[in-house]
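Data first, discussion second: the structure below is written as structure tokens.
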């Protein structure tokens, strides 16, 4: 799987930078719409306790995609899912899906909502780079990081070649924008596809509605390269942190890596062939859990694997013990 996870980023953004398209109220937001400075973002929190878990979705995904995990962990501690700007029930912003706007939005959102730190940040797929960036900017707020099949091989088609995002120059990335009208796609979504059909019926209906809204407002001709350039910059920063011979950049911060692949060996630190492999080397307090035969969205294919992992990192943070010690405890404790 490690060599097969590619995200062709032409489908990433789905939104024009700065485009404002209000969402109607056919399906009311399950959480609260919180003002973050003239815009509102959707935040859905449940459960009680500390530390608070913050769930960061993958590219083009929604807060409700975490439903199976959130409903399974809310009896253990406080847990919040949210929609990034321009997705789900959240208003768009000036630079959607850029790392800078995303972490600033999240910080303002949880502050305005009164959610108490410390936080355990959970990132699915590309959400992994957002939670790393958040920890970099707000280290005192973060008690732990959890990666779920996060950002392994991220590719982009540039003219006649396909390469990893971080291997491309800024000029090469800029060269594909604006994209042609044909990139919009002409077929309206009509069904909930795998693995989102694993959600309960109500969440499936909501997801299809949100997907259609996203499809309607996607305009390839007005989308710029800002998000891609931001991602490239963040990937390069993260690679620099874990170069061969360097100490774990996050010290002993609890880091849980959930992956369809086994733990990486240190040879990956000598290459930039993949980003996900290096997550095992972010901290001296890391646990790797392999989700055997899971699809990319582990939180949908094998939600219990994610739930059990979250219970372990919550226990480690509460008791101030290494993740390896929390593994000897029953996940339900």
- Which numbered condition trips up residue 142, out of (1) buried (at least 17 other Cβ atoms within 10 Å of the Cβ); (2) within 22 Å of residue 87 (Cβ to Cβ); (3) in contact with a helix residue (DSSP H, G or I) (Cβ under 8 Å, 6 or more places away or on another chain)? (2)
- Query: Can you find a residue in segment 56-72 that is at pLDDT 95 or above, surrounded by fewer than 21 Cβ atoms within 10 Å (Cβ to Cβ) and farther than 19 Å from residue 259 by Cα?
  - Reply: yes
- Looking at 263, 244, 227, which one is under 16 Å from the mean Cα position of the chain (by Cα), touching a residue at least 12 places away in the same chain (Cβ under 8 Å) and either more than 30 Å from residue 179 (Cα to Cα) or outside any loop (DSSP other than H, G, I, E, B) (or both)? 227
- Message: Checking the structure you have, find out if any residue of segment 104-111 is assigned to a loop (DSSP other than H, G, I, E, B), surrounded by fewer than 24 Cβ atoms within 10 Å (Cβ to Cβ) and either within 17 Å of the chain's Cα centre (by Cα) or touching a residue at least 40 places away in the same chain (Cβ under 8 Å) (or both).
- Response: no
- Item | All positions within segment 267-322 that are assigned to a loop (DSSP other than H, G, I, E, B) and either crowded, with 17+ Cβ neighbours inside 10 Å or on the phi > 0 side of the Ramachandran plot (or both) | 274, 275, 282, 283, 285, 291, 293, 294, 296, 297, 302, 320
- Exception for residue 195 within (1) more than 18 Å from the chain's Cα centre (by Cα); (2) under 30 Å from residue 206 (Cβ atoms) falls at (1)
- Any idea which residue in segment 112-125 is farthest from residue 39 (Cα to Cα), counting only those that are surrounded by fewer than 23 Cβ atoms within 10 Å (Cβ to Cβ) and touching a helix residue (DSSP H, G or I) at 6+ places or on another chain (Cβ under 8 Å)? 118
- Return the residue satisfying two criteria in turn: it lies in segment 187-220 and is touching a helix residue (DSSP H, G or I) at 6+ places or on another chain (Cβ under 8 Å), over 22 Å from residue 68 (Cβ atoms) and in contact (Cβ under 8 Å) with a residue 40 or more places away in the chain, and of such residues it is surrounded by the most Cβ atoms within 10 Å (Cβ to Cβ). 218
- Message: Step by step: first the residues of segment 30-40, then only those that are more than 22 Å from residue 297 (Cβ to Cβ) and touching a helix residue (DSSP H, G or I) at 6+ places or on another chain (Cβ under 9 Å), then the one that is modelled with the lowest pLDDT. Which residue is that?
- Response: 37
- Query: Does residue 154 meet the test of being modelled with pLDDT under 95, crowded, with 17+ Cβ neighbours inside 10 Å and either touching a strand residue (DSSP E or B) at 6+ places or on another chain (Cβ under 7 Å) or assigned to a loop (DSSP other than H, G, I, E, B) (or both)?
  - Reply: yes
- Working only within segment 192-224, note down all residues that are over 20 Å from residue 59 (Cβ atoms) and part of a loop (DSSP other than H, G, I, E, B). 200
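The values are calculated or read from the model by the stated rules, or taken from the named source; none is laboratory data. Since the model is a prediction, treat every value here as computed from it, not as a measurement. As a convention, Cβ positions derive from the backbone with ideal geometry for all residues, glycine included, and neighbour counts pool all protein chains shown.
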